Amino acid sequence: MGARGSVATTAIAGCAAVAAGLHPPTGMVTETAPFTTCGLPSLSSLVFGGHDTVDCPLPKRAEHLADGGVLPHGLPSAVHAELVAADREIRPGGPPPGDTGRTQDQWIDVFAADIRDFVRRQDLAGAVVINVASTEPAPTDGSLPPSSLYAAAALRAGCPYVNFTPSTGLHHPALAPLAASSGLPYAGRDGKTGQTLLRSVLGPMFLQRALAVRAWSGTNLLGGGDGAALADPAAAAAKNAGKERVLADTLGTTPEGEVHIDDVPALGDWKTAWDHIAFDGFLGARMVLQTTWQGCDSSLAAPLVLDLARLTVRARQKGLTGPLSELGFYFKDPVGDGPSSLAEQYTELRHFAGRLRDDATAPEAHR
């Protein structure tokens, strides 16, 4: 979902580039031990499709990203055929604002039919539906927002679902019975790529060293589609909820301070995140730690999206169902029960690799 956005385009182009040996798999945890021996599908076997509400073709979107320094110069041309093939499999998203032509259940049927048709046309054993669309405000009227319609469609089509965004998705109360009865694995939500990744490392450090955090404030400056979407205060609130949860879970309390998100269109797909942490040391000594994270969200997120696709399809092959809490390593607000510090989450992820490895079949067996 969001198949023509920056994250999806980077993931599709990057998968083709790594599979062809044009670039190393930097940032892909699944290309490190012990994940390389647990029967994951190869990158060359992955096929891409999806939905989007915009009509800019993937090759053109990739050129824009290369102009902005997100993709290497020349890569869009090198993987042009793969981008064209994926673009042919992208269907119109929806529903449009104010649409009354279809009921919510009819929209779910439309999306589910698109997914099933994709699997049939490509002669695949199955598909994983991953939401990388722009953040939406949390619903206030009980209706299913677009992210939840797509999540329901994924399960109706018999596909595992991953929510890489802060949007509601499967978290909507109305979908709880469907998720529980689907017999499918699912994971999410909100990919942990930058500022919150750092918070999940620093929070346990303060706790383990018995240092009292008095306040933790942050600012994000970003542009691109995310910047525009998060200029909506309701969407920003959904995004910040995950950031705040990480601190509460790792520190055992929520310190003073807030995170502010500012849309700076000139930054494009690049982001600067600044944190100011006020803490007390021995005998009440007042101290401060400041961090600055400058990075490209699309480049940080894309390898994680590929990881999650491979891990989730393998979990489906192994017959795993329900929330995949072992994938909390990847998320700000993970489903299921699990640790909150990055180190402990990584340990859980390595254990998960062991579960996938038992009776592992050849990586191509899913085709």
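The values are calculated or read from the model by the stated rules, or taken from the named source; none is laboratory data. Remember, it's a predicted structure, so these values are computed and weren't measured experimentally. In this analysis, Cβ positions are derived from the backbone assuming ideal geometry, glycine residues included, and neighbour counts consider all displayed protein chains. The accessibility values were calculated without ligands, DNA or RNA, using every heavy atom of the protein model including side chains. Shrake-Rupley method; radii C 1.70, N 1.55, O 1.52, S 1.80 Å.
Summary of computed values
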read-out: Residues of the chain: accessible area per residue with a 1.4 Å probe, Å²; value: 44 Å²
read-out: Positive-end residue, the chain charge dipole about Cα centroid, Cβ charges, pick of TYR161, THR272, GLY69; value: TYR161
read-out: Magnitude of the charge dipole, segment 1-157, Cβ model with Lys/Arg +1 and Asp/Glu -1, debye to 20; value: 220 debye
read-out: The chain: Cα Rg divided by the 2.2 N^0.38 Å rule of thumb; value: 0.97
read-out: Considering only the chain, percent of DSSP beta bridges that pair antiparallel, nearest 5; value: 55 percent
read-out: Accessible surface, 1.4 Å probe, highest first, among residues HIS64, HIS276; value: HIS64, HIS276
read-out: Rg over Rh [alpha-carbon atoms, Kirkwood Rh] for segment 253-367; value: 1.09
read-out: Segment 59-94 and segment 1-47: distance between their alpha carbon centers, rounded to Å; value: 15 Å
read-out: Gain upon complete extension [LEU211, HIS64; 0.36 nm per residue less C-alpha separation]; value: 48.4 nm
read-out: Dipole moment magnitude, nearest 20 debye, the chain about Cα centre, only Lys, Arg, Asp, Glu C-beta charged; value: 700 debye
read-out: Segment 229-367, relative contact order [Cα under 8 Å, separation at least 6], %; value: 18 percent
read-out: Virtual spin-label span in nm between VAL54 and ALA174, 7 Å along Cα→Cβ; value: 2.8 nm
read-out: Pairwise label distance in nanometres, THR321 with VAL201, each label 7 Å out on the Cα-Cβ vector; value: 3.9 nm
read-out: Cubic angstrom per residue, convex hull over Cα atoms of segment 40-100; value: 124 Å³
read-out: Total charge dipole magnitude, segment 218-367, about the Cα centre, Cβ charges on Lys, Arg, Asp, Glu only, Debye to nearest 20; value: 600 debye
read-out: Lys pairs under 16 Å by Cα in the chain, provided they are eight or more residues apart or on distinct chains; value: 8
read-out: Within the chain, helix-based [θ] at 222 nm, where runs of 4 or more DSSP H residues each add -39,500 (n - 2.57), nearest 500; value: -12500 deg cm²/dmol
